[in-house]
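Peer 1: I'd like to ask some things about the structure below.
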Ligand code: C2E
Ligand code: CA
Ligand code: CA
Ligand code: CA
């Protein structure tokens, strides 16, 4: 072997080793953070636009890091996924969501408490105990099944469609409402929609090209129309401007979520919102 190339490989090995170590260290830190309860749920309200009413909220994970402060999912979700830890975070957040729902119903009354949507990753779908775990969770907190909606993210759709169909069918038979997250953002959305019997769609405004509003608007209108023809309620997320909201309403998209209405809120702020809004 030529010495020059050898040293190049050695250098590459060093860099690779360093990054593997860093990843392991980070994953270890996250396991500890999970055990210590450093991950917390944030809540982003979802509205029925015409009625101006909050109908639910999405639960989004944040890492309340002792030194770094609030860390966003973009930093920790991929690490957890690569290291087989994402299910632990998800199970933890579902538990938090149910614990909040129980507490709010007891303190504020059931008519002030909206349903919560939680996120499911691909790893969750593969777990044989998924449905029985969720059933058990809601039973433990004495909550009706339809108070917890399940958002299945796009990455979960790429492989094993049969497994996904089975999992979703089982969850729906148990009474859970299953939503397809990030609809329209990936190649497989249409195929998945054909095969997987979901209850609702979430359409991410982010997939539209902001530089070409006309084309984006036509695509969006077609997606919303398709949802209506399939009798699937659609929630547009990432709604940032009044102009977008008015357009969405005009093409028949009833539900919206985004910075225009509210950013994701910590528990105390979200509770304040619940006590302020008129009860149902
Ligand atoms: P997502 O499920 O598509 O969640 C929506 C993301 O859009 C959230 O980002 C939210 O904060 C952001 N967002 C909301 N309104 C607006 C808006 O008006 N404009 C823009 N530009 N963005 C908006 P976030 O909280 O950073 O979460 C990112 C992703 O991380 C989520 O995307 C979800 O896929 C994942 N994630 C978050 N929490 C969990 C969790 O507990 N479990 C799993 N498996 N994934 C999670
Ligand atoms: Ca989601
Ligand atoms: Ca989404
Ligand atoms: Ca997204």
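Please treat every number below as a calculation from the coordinates, not as lab data. Just so we're clear, the structure is a prediction, and the values are computed from it rather than from any experiment. Reconstructed Cβ throughout: ideal geometry from the backbone, glycine too, with neighbour counts over all protein chains shown.
Peer 1: List the relative contact order of the chain as a percent without decimals, with contacts defined as Cα pairs under 8 Å and 6+ residues apart.
Peer 2: In percent, rounded to a whole number, it is 18.
Peer 1: Using only Cα atoms and rounding to the nearest 10 degrees, what angle (0 to 90) does helix 86-108 make with the longest principal axis of the chain?
Peer 2: Result, in degrees: 30.
Peer 1: Right, another one. Any idea what angle helix 130-140 forms with the longest principal axis of the chain, computed on alpha-carbon atoms, 0 to 90 degrees, nearest 10?
Peer 2: Taking Cα atoms only, the helix is inclined about 50 degrees.
Peer 1: Now, a different point. From zero outward in steps of 5 Å, how is the percent of C-alpha pairs of the stretch 1-110 spread across the bins?
Peer 2: 2, 9, 15, 16, 13, 11, 10, 7, 5, 4, 3, 2, 2, 1, 1, 0
Peer 1: Kirkwood hydrodynamic radius for the stretch 17-63: how many Å is it when counted over pairs of different Cα atoms?
Peer 2: 13.3 Å is the Kirkwood radius here.
Peer 1: Let me ask something else. Take peptides 14-21, 229-236, 53-60 and line them up by average Cβ neighbours within 10 Å, highest first, as a rough protection proxy.
Peer 2: The packing order, highest mean first, is 53-60, 229-236, 14-21.
Peer 1: Shifting gears a bit: Please grab the % of Cα pairs in the chain that end up more than 28 Å from each other.
Peer 2: Cα-Cα pairs of the chain separated by over 28 Å account for 42 percent.
Peer 1: Can I ask one more? Provide the three semi-axes, in whole Å and in decreasing order, of the ellipsoid equivalent to the stretch 58-165 as defined by the square roots of 5 times the Cα gyration tensor eigenvalues.
Peer 2: They are 24, 20, 11 Å, listed from largest to smallest.
Peer 1: Over all pairs of distinct alpha carbons, what does the Kirkwood formula give as the hydrodynamic radius of the stretch 166-280, in Å?
Peer 2: About 15.6 Å, per the Kirkwood formula over Cα pairs.
Peer 1: Could I ask something else about it? Suppose we keep just the DSSP beta bridges with both residues in the chain; what percent of those would be antiparallel, to 5?
Peer 2: 40
Peer 1: Helix 267-276 against the longest principal axis of the chain: what's the angle in degrees, Cα atoms only, rounded to the nearest 10?
Peer 2: Taking Cα atoms only, the helix is inclined about 10 degrees.
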